[in-house]
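Asker: Following this message is one structure expressed as structure tokens.
The values are calculated or read from the model by the stated rules, or taken from the named source; none is laboratory data. What you see is a predicted model; the values in this text were computed from it and never measured. For neighbour counting, all protein chains shown are included, and Cβ atoms are generated from backbone atoms with ideal geometry for every residue, glycine included. Heads up: the accessible areas ignore ligands, DNA and RNA and are worked out on the full protein's heavy atoms, side chains in. Shrake-Rupley method; radii C 1.70, N 1.55, O 1.52, S 1.80 Å.
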Amino acid sequence: PYRSAGGYFPVVTDKPSAAHGLDFHNGPPLRGLRFGGGQQVQVDFGSVTPSDAAVVGEWEEIPGRRARTTVRQEAGGPFVVTIGSMARFQVDVAASHITAQYHPDLPEVFRTTLLMSTPVALFAYSREMLGLHAAAVEVGSRSLLISADGGFGKTTLSAAFHMHGHRLLGEDLATVDPVGVVYPAQALLRLRQESTDRLQNRLPDVEKVYEINGNTYFEIVAGRRGDSAPVPLAGVVLLEWSDNGFELEPAAAAEAIGRLWGKTFYLQRGGAEATFQHLGDLIESVPVHVLRRPRDFAGLEATIDLLSRHMNS
């Protein structure tokens, strides 16, 4: 059995099928899944009818980073998630079922990354957990969340942790229990061109699976993924650049909430208040620090050393 925050859950499959505390069955082949158990979710291919129900969540396109995403729901019914022209999902949380309709030309790896975005975040939301746009790594037996705006090196730093023998728990969406545990996500890395050029020859135990628009997707081999058991959370780090060396200092609660709120998944209609409370619970459970560091690849090892020593102190 594998540990969970509430006790134990059994191994239910003989192949990798788990991520984010969920155990996926059927559906499209998915990349980077882990051994272990979790809440069983049935995934099927199928046609998903466009919905004219009320919009309960909406995120505008960020070119190169995010397609326009909408979430609609009839009162008490399943959610319909539309992600640009790439995919549409019907997410029935109560029935633990997802129907996925992908654009026929969608690359295989995107079947995983799109499913593991808003559809998975809805399951976290329904379980009173947090879906945070953050990377997560395991150092020793505890996890560290790394949060930053785009371009501040969050994914590059998490790749460097993997290079140095630590376990990557996820680099995009983290499913977090506010009591202070992280559920491992899919074991995939998406690096921008500069990071790929600098790091790919030093990345052990990965397979390059896709390349598009200067982004390269790597899948960590099964032997380095570990299982899907939740990992106790040691803390959260907010990344900033610095021209004056390294500085690691505690973040005040108001600053931590203000900066993490913009990285937190919630439904704008009827869901913000509870999610805000869960985020406050998390910040009370674990320390949050701001890390200022030089903007260069030469500083990666020093950053890892600093954070590893901090976690062990």
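Asker: All but one of (1) touching an Asp or Glu at 6+ places or on another chain (Cβ under 7 Å); (2) under 23 Å from residue 279 (Cβ atoms); (3) open to solvent by 20 Å² or more (accessible area, probe 1.4 Å) hold for residue 179, so report the exception by its number.
Answerer: Among (1) touching an Asp or Glu at 6+ places or on another chain (Cβ under 7 Å); (2) under 23 Å from residue 279 (Cβ atoms); (3) open to solvent by 20 Å² or more (accessible area, probe 1.4 Å), the lone unmet condition for residue 179 is (1).
Asker: A further question follows. List the pairs whose first member sits in segment 43-57 and is closer than 20 Å to residue 94 by Cβ, whose second member is open to solvent by 100 Å² or more (accessible area, probe 1.4 Å), and whose Cβ atoms are under 7 Å apart, counting only residues at least 6 apart or on separate chains?
Answerer: Final answer for the pair search is 43/26; 44/26; 53/74; 54/269; 56/269.
Asker: Among the residues of segment 133-158, write down those that are part of a helix (DSSP H, G or I) and open to solvent by 10 Å² or more (accessible area, probe 1.4 Å).
Answerer: Kept after step one, since they are part of a helix (DSSP H, G or I), are these residues of segment 133-158: 154-158.
Scanning segment 133-158 gives 154, 155, 156.
Asker: Let me ask another. How many of the residues in segment 259-301 are under 19 Å from residue 234 (Cβ atoms) and open to solvent by 40 Å² or more (accessible area, probe 1.4 Å)?
Answerer: Within segment 259-301, residues that are under 19 Å from residue 234 (Cβ atoms) and open to solvent by 40 Å² or more (accessible area, probe 1.4 Å) number 5.
Asker: Let me ask you something else. The conditions are (1) surrounded by 15 or more Cβ atoms within 10 Å (Cβ to Cβ); (2) touching a strand residue (DSSP E or B) at 6+ places or on another chain (Cβ under 6 Å); (3) without any contact (Cβ under 8 Å) to a residue 40 or more places away in the chain, and residue 236 fails exactly one of them. Which is it?
Answerer: Single failed check for residue 236: (3).
Per-residue answers, yes or no, for (1) among the small types (Gly, Ala, Ser); (2) under 23 Å from residue 207 (Cα atoms); (3) in contact with a Lys or Arg (Cβ under 6 Å, 6 or more places away or on another chain):
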{"position": "28", "(1), (2), (3)": "no, yes, yes"}
{"position": "34", "(1), (2), (3)": "no, yes, yes"}
{"position": "65", "(1), (2), (3)": "no, yes, no"}
{"position": "70", "(1), (2), (3)": "no, no, no"}
{"position": "90", "(1), (2), (3)": "no, no, no"}
{"position": "110", "(1), (2), (3)": "no, yes, no"}
{"position": "114", "(1), (2), (3)": "no, yes, no"}
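Asker: Give segment 219-247 a look and list any residue that's of a type in the set (Ser, Thr, Tyr) and within 18 Å of the chain's Cα centre (by Cα), or say none.
Answerer: Initial filter on segment 219-247 (of a type in the set (Ser, Thr, Tyr)): 228, 242.
Hit for segment 219-247 is 228, nothing else.
Asker: Can you name the number of the only condition in (1) more than 23 Å from the chain's Cα centre (by Cα); (2) within 28 Å of residue 191 (Cβ to Cβ) that residue 250 fails?
Answerer: Just one mismatch for residue 250, condition (2).
Asker: Let me ask another. Go over the candidates 105, 52 one by one and state the one that is within 30 Å of residue 151 (Cα to Cα), open to solvent by 60 Å² or more (accessible area, probe 1.4 Å), assigned to a loop (DSSP other than H, G, I, E, B) and of a type outside the set (Gly, Ala, Ser).
Answerer: Details: 52 fails: within 30 Å of residue 151 (Cα to Cα).
Of 105, 52, the one residue that is within 30 Å of residue 151 (Cα to Cα), open to solvent by 60 Å² or more (accessible area, probe 1.4 Å), assigned to a loop (DSSP other than H, G, I, E, B) and of a type outside the set (Gly, Ala, Ser) is 105.
Asker: If the requirement is being open to solvent by less than 50 Å² (accessible area, probe 1.4 Å), under 17 Å from the mean Cα position of the chain (by Cα) and among the small types (Gly, Ala, Ser), which of these qualifies: 84, 38? Quick ask: steps written out before the conclusion?
Answerer: Numbers: 84 fails: under 17 Å from the mean Cα position of the chain (by Cα).
Within the list 84, 38, the selection yields 38.
Asker: Looking at 170, 223, which one is buried (at least 24 other Cβ atoms within 10 Å of the Cβ) and under 16 Å from residue 34 (Cα atoms)?
Answerer: Going through 170, 223 in turn, the sole match is 170.
Asker: Test residue 307 against the criterion of being open to solvent by less than 30 Å² (accessible area, probe 1.4 Å), under 22 Å from residue 124 (Cα atoms) and either charged (D, E, K, R) or outside any strand (DSSP E or B) (or both), and give yes or no.
Answerer: Numbers: open to solvent by less than 30 Å² (accessible area, probe 1.4 Å): yes; under 22 Å from residue 124 (Cα atoms): no; either charged (D, E, K, R) or outside any strand (DSSP E or B) (or both): yes.
In short, no.
Asker: Here is a list: 106, 132, 145, 115. Which entry is aliphatic (A, V, I, L, M), farther than 29 Å from residue 303 by Cβ, touching a residue at least 60 places away in the same chain (Cβ under 8 Å) and out of contact with any Asp or Glu (no Cβ under 8 Å at 6 or more places or on another chain)?
Answerer: On the way: 106 fails: touching a residue at least 60 places away in the same chain (Cβ under 8 Å); 132 fails: farther than 29 Å from residue 303 by Cβ; 145 fails: farther than 29 Å from residue 303 by Cβ.
Exactly one of 106, 132, 145, 115 is aliphatic (A, V, I, L, M), farther than 29 Å from residue 303 by Cβ, touching a residue at least 60 places away in the same chain (Cβ under 8 Å) and out of contact with any Asp or Glu (no Cβ under 8 Å at 6 or more places or on another chain), namely 115.
Asker: Answer yes if at least one residue in segment 202-215 is open to solvent by less than 10 Å² (accessible area, probe 1.4 Å) and of a type in the set (A, V, I, L, M), and no otherwise. Before you say what the answer is, go through the steps one by one.
Answerer: Keep residues of segment 202-215 that are open to solvent by less than 10 Å² (accessible area, probe 1.4 Å), which gives none.
No.
Asker: I would also like to ask the following. Do we find a residue being at pLDDT below 95, aliphatic (A, V, I, L, M) and either in contact with an Asp or Glu (Cβ under 7 Å, 6 or more places away or on another chain) or within 25 Å of residue 73 (Cβ to Cβ) (or both) anywhere in segment 276-295?
Answerer: no
Asker: Considering only residues of segment 108-132 that are outside any helix (DSSP H, G or I) and out of contact with any helix residue (DSSP H, G or I) (no Cβ under 9 Å at 6 or more places or on another chain), which is surrounded by the most Cβ atoms within 10 Å (Cβ to Cβ)? Explain how you work it out, then say what you get.
Answerer: Of the residues in segment 108-132, the ones outside any helix (DSSP H, G or I) are 116-117, 127-132.
With the extra rule that they be out of contact with any helix residue (DSSP H, G or I) (no Cβ under 9 Å at 6 or more places or on another chain), the set shrinks to 116-117, 127.
Details: 116: 25, 117: 22, 127: 15.
Within segment 108-132, the match that is surrounded by the most Cβ atoms within 10 Å (Cβ to Cβ) is 116.
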